[in-house]
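No value in this document is a laboratory result; all are computed from the given coordinates. As the structure is a prediction and not an experimental result, all values here were calculated from the model. As a convention, Cβ positions derive from the backbone with ideal geometry for all residues, glycine included, and neighbour counts pool all protein chains shown.
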Amino acid sequence: MNDDPDHLDGNAAAGPLTTVFAVDMTRSVVVCAGCGREDALATLRLYGRQNAMVLRCPACEAVNLRLLDTGTTTHLDVRGCSRLSFATAPDARSAPAER
Ligand SMILES: [Zn+2]
């Protein structure tokens, strides 16, 4: 449940991210460069619109991903992630790297 009305959860980023990645990115695992939190992209907080969105860490509020679609070019900024992991096999689940 989303108690904060100024953002959606990361599941709302699924559509725009399919223009960049051929896999469901909401199941990918993001490691926050700010605090080291590791969880599914779907757990991030989405601010903005479909063509200009920011995904923030729910723990420290650091910007993890930014996506801007100008209509002719899609810009993806992932410098807020220290790691972004996703499954490439169709039936595999994305899992964090071994520690
Ligand atoms: Zn964080």
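Please report Rg (one decimal) and Dmax (integer) in Å for the Cα set of segment 8-85.
Over segment 8-85's Cα set, Rg and Dmax evaluate to 11.2, 34 Å.
For a quick check: sort E38, E61 by the number of other beta carbons within 10 angstrom, fewest at the front.
Numbers: E38 15, E61 12.
The fewest-first ordering by Cβ neighbours comes to E61, E38.
Take the alpha carbon gyration tensor of segment 1-49, find the square roots of its eigenvalues, order them as a ≥ b ≥ c, and report rounded if a/c is under 1.5; if not, report prolate when a/b exceeds b/c, else oblate.
Details: a/c = 1.94, a/b = 1.08, b/c = 1.79.
Cα axes put segment 1-49 in the oblate bin.
Taking θ as phi - 60°, what are the ³J(HN,Hα) couplings along segment 55-64 by the Karplus curve (6.51, -1.76, 1.60), each to the nearest whole Hz, with x for Gly and Pro?
Coupling constants for segment 55-64: 10, 10, 5, x, 8, 10, 6, 5, 6, 8 Hz.
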